[in-house]
Every structure is written in structure tokens, then in C-alpha cells.
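Taking it in order: structure first as C-alpha cells, then the write-up.
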Amino acid sequence: MFADQKFMGLFAMLFGAGIILLAEKREQQNKSAAKIHYSRNFWLLLIGLCHGIFVWEGDILMIYAFIAMFAYLFRKLHGGWLIPLGVIILALSACNSYLAGVYVESLTGEARYATAAIFAPDAAQI
């Protein structure tokens, strides 16, 4: 109860801090920050893709790699802009989840059964 899913936010903040720290270090050395950033995230995406296909389809590494591709573009944006932008993205995500739920509820027949099997596995699948 006290630990489940609690470190995801901390890990996400550390991931973002790593993007900023690496970019600043590379810029101080007059080297391309974008080149190393996108190279590292390409490999993260590839590892996540392999893990997602062959080991576990719920892998998070692919999502982090995709988000990092966009997060890099916002690394120099002032915090006064990042907080409202984060709230907007969170609200859009909540709306997307709600609309997905409405869509699933509107399904009938075989489509509803197949969708329910994905999102509500039985004990044998778990």
C-alpha cells in the first residue's frame, strides 16, 4: 500500500533530470547534446521493443524512449511554462482515458468480449 507505484513519479523526474544534466554537460564541452540524446534513446527504444515483444508486452522502456524524443525539445523552457503544459497534458491524458472507456462501453458482441479479455484478464492469464 505504501510502496506500490510510488516510485514511478520519482523515476520519471530522475529521467528528466538526466536529460537536462547530460545536455548541459555536452553543451559545456561544445559537443552535440542532441546527437548523444537521440542515440541513447534510440537504443532505449530498441531494447524496450525487444523486451516488449519477447518478454513482457507491458514494457515501459518504449514509452520513455518516445517521450524523451519530445521532452528534449522542452529542456530549456522556463518552469513557469512547464507546469501549465504538464497540467494540460495530464488533462488531455485523462480525457483520452475517459473517451476510451466510453468507447469500450459502447462495443457489443464479440468486439466487447475481445476487448474485455485484454483489459480484464482472468486468473489463468494472470
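Since every read-out is calculated from the coordinates, none of them should be taken as a lab result. The model shown is predicted, which means the values in this text are computed figures rather than measured ones.
Of note:
- Taking Cα atoms only, the orientation of helix 109-119 departs from the longest principal axis of the chain by about 50 degrees.
- Residue-by-residue Karplus 3J(HN,Hα) for the range 42-50, coefficients 6.51, -1.76, 1.60, Hz, glycine and proline x: 4, 5, 4, 4, 5, 5, x, 5, 4
- Highest-MSF residue in the chain out of TYR38, TYR103, TYR64 [GNM, Cα springs under 10 Å]: TYR103
- The Cα atoms of the range 78-126 give a gyration tensor whose axes a ≥ b ≥ c have a/c of 1.5 or more with a/b no greater than b/c, which makes the shape oblate.
- Whole-number D in µm² s⁻¹ for the range 11-76, Kirkwood Cα-pair radius fed into Stokes-Einstein, 20 °C, 1.002 mPa s: 173
- The chain - Debye-derived log10 I(q)/I(0), Cα point model, q = 0.17, 0.18, 0.23 Å⁻¹: -1.14, -1.20, -1.37
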